[in-house]
Amino acid sequence: MSATADMQVIETDRLVLRPPKASDKDAYIDFFLSDRATYVGQASNRYQAWKTFAMEAGHWFLHGWGPWVVTRKGSDQAIGSVGPWHPEDFPERELGWLAFAGTEGQGIAFEAAIAARAHDYRTHGAQTLVSYIDPENERSIRLAERLGAVRDDAAARPDPIDLVYRHPSPEVRK
């Protein structure tokens, strides 16, 4: 286990992707208590929301990599989360994303996901990533398709209702 093995920061034209820190807690709690989290584990109370944040932050400690916090350049305010993670019950490494309130329609999740996926392929040697998406989560389905992911109905999934979208291999660059 390593908390520092891969704690790189990624920069895109507009964004900074960095590991989570304690000051991100309230942004995550607000997200997980909101309707925006309907398809990704909406919490019924602050404690549940905090546990979800702690789980994502803890992934970094256990693996040395995980979902980055997304911020705009020049600001350290969390506006989302994107990146690979592989919880114990997930059959494959997932590329996941969360878009906090006020970020829709700006291409933020797309820009961050492209950068996170490329980093995971380059740094960790991943040959494939999947995204597990609730079939009613139309925004995430559209984003997965925009990222070039295709539905893989034969893939194992942690929740039988989830759709699995398989991302293009490292050789297929956006």
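Below is a table of values for the structure above.
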| read-out | value |
| --- | --- |
| Filter pass, Pro91 being in contact with a Leu (Cβ under 7 Å, 6 or more places away or on another chain), assigned to a loop (DSSP other than H, G, I, E, B) and modelled with pLDDT of 95 or more | no |
| Top-ranked residue in region 83-98 [being crowded, with 22+ Cβ neighbours inside 10 Å and in contact with a helix residue (DSSP H, G or I) (Cβ under 7 Å, 6 or more places away or on another chain); ranked as farthest from Ala155 (Cα to Cα)] | Leu98 |
| Lone qualifier among Ala115, Ala109, Ala78 - being farther than 15 Å from Ala37 by Cβ, of a type in the set (Gly, Ala, Ser) and at pLDDT 95 or above | Ala115 |
| Residue under evaluation Arg36, criteria (1) at pLDDT below 90; (2) within 15 Å of the chain's Cα centre (by Cα); (3) more than 24 Å from Pro168 (Cβ to Cβ); (4) not in a helix (DSSP H, G or I), criterion not met | (4) |
| Contacts under 8 angstrom Cβ, first residue in region 89-109 being farther than 10 Å from Val70 by Cα, partner surrounded by fewer than 18 Cβ atoms within 10 Å (Cβ to Cβ) and among the small types (Gly, Ala, Ser), 6 or more apart | Pro91/Ala155; Pro91/Ala156; Glu92/Ala155; Glu92/Ala156; Ala101/Ser34 |
| Which numbered condition Arg14 fails, given (1) buried (at least 19 other Cβ atoms within 10 Å of the Cβ); (2) within 16 Å of Ala112 (Cα to Cα) | (1) |
| Tally, over region 40-75, of residues that are under 16 Å from Asp24 (Cβ atoms) and either assigned to a strand (DSSP E or B) or of a type in the set (Gly, Ala, Ser) (or both) | 12 |
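Here is a yes/no grid of residues against (1) part of a helix (DSSP H, G or I); (2) surrounded by 13 or more Cβ atoms within 10 Å (Cβ to Cβ); (3) among the basic types (Lys, Arg); (4) under 13 Å from the mean Cα position of the chain (by Cα):
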position: Glu104; (1), (2), (3), (4): no, no, no, no
position: Ala109; (1), (2), (3), (4): yes, yes, no, yes
position: Tyr132; (1), (2), (3), (4): no, yes, no, yes
position: Glu145; (1), (2), (3), (4): yes, no, no, no
position: Ala154; (1), (2), (3), (4): no, no, no, no
position: Pro170; (1), (2), (3), (4): no, yes, no, no
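The values are calculated or read from the model by the stated rules, or taken from the named source; none is laboratory data. Source: prediction; values computed, not measured. Here the Cβ is made from the backbone with ideal geometry for all residues, glycine too, and neighbour counts use every protein chain on show.
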